[in-house]
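Colleague: Once you've had a glance at the structure underneath, I'll fire off some questions.
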Amino acid sequence: MNHGADYLINHHEPFEPQLEALGFLGVHYIFCLTNVDNHMECMAKTILPQGKICSILPVFKPLHPALFSKSVTFSFELMYTRSVYQTEDMVSQHHILKQLADWVEEGKIRSTMTQHLSPLSPATLKEAYENLLTGQTIGKIVVEGPIQS
């Protein structure tokens, strides 16, 4: 809750009983920041009719049929879509990043970085990847230069 959340649930356990324990029958919005396919069943059970799910990761399996029957909106968000596809609103990415930088400077939000590895090398990349493979990583791992071989 140190990032401003009012309630927390464990994404390694079924969502529904955790939400019920908090007094919720479901949720209107889900922002999925981890493997969508692993959480599709739980999301389908807990999203309320006409709810919205957004993911920053691709979906490889078919969407759950309950999302259709509940008229759920499923969308993706990728930071570089505007620049890669040269969209008409491309400049808005500048405004979003500027606002984010302002909020960081004002202390309104803070980084989720929990590990910093340097230099950028095969060894540090391997270490970061092995940490991610445990499935126990909390926050972001940053690997940065200088580049070494």
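The values are calculated or read from the model by the stated rules, or taken from the named source; none is laboratory data. The model shown is predicted, which means the values in this text are computed figures rather than measured ones. With ideal geometry, Cβ positions are generated from the backbone for all residues, glycine too; neighbour counts draw on all protein chains shown. These area figures cover heavy atoms from the full protein model, side chains too; ligands, DNA and RNA do not enter into them. Shrake-Rupley method; radii C 1.70, N 1.55, O 1.52, S 1.80 Å.
Colleague: Look through Arg82, Arg110 and report the one residue that is charged (D, E, K, R), farther than 17 Å from His3 by Cα and within 20 Å of the chain's Cα centre (by Cα).
Modeller: Every option except Arg82 fails the conditions.
Colleague: Moving on. Tell me the strands (runs of 3 or more DSSP E) entirely within region 7-125 that contain at least 2 residues that are open to solvent by less than 70 Å² (accessible area, probe 1.4 Å), closer than 27 Å to Gln136 by Cα and among the aliphatic types (A, V, I, L, M).
Modeller: Answer list for region 7-125: 27-32, 47-55.
Colleague: I would also like to ask the following. Could you give every pair whose Cβ atoms fall below 9 Å, whose first residue belongs to region 90-115 and is without any contact (Cβ under 8 Å) to a residue 24 or more places away in the chain and acidic (Asp, Glu), and whose second residue is in a loop (DSSP other than H, G, I, E, B) and open to solvent by 90 Å² or more (accessible area, probe 1.4 Å), counting only separations of at least 6 or pairs across chains?
Modeller: Within 9 Å, the pairs are Asp102/Lys108.
Colleague: Would you be able to say whether some residue in region 128-135 is acidic (Asp, Glu), open to solvent by 80 Å² or more (accessible area, probe 1.4 Å) and assigned to a loop (DSSP other than H, G, I, E, B)?
Modeller: No, region 128-135 contains no residue that is acidic (Asp, Glu), open to solvent by 80 Å² or more (accessible area, probe 1.4 Å) and assigned to a loop (DSSP other than H, G, I, E, B).
Colleague: Something else now. So Val142 passes all but one of these: (1) open to solvent by 80 Å² or more (accessible area, probe 1.4 Å); (2) closer than 27 Å to Asn38 by Cβ. Which condition number does it fail?
Modeller: (1)
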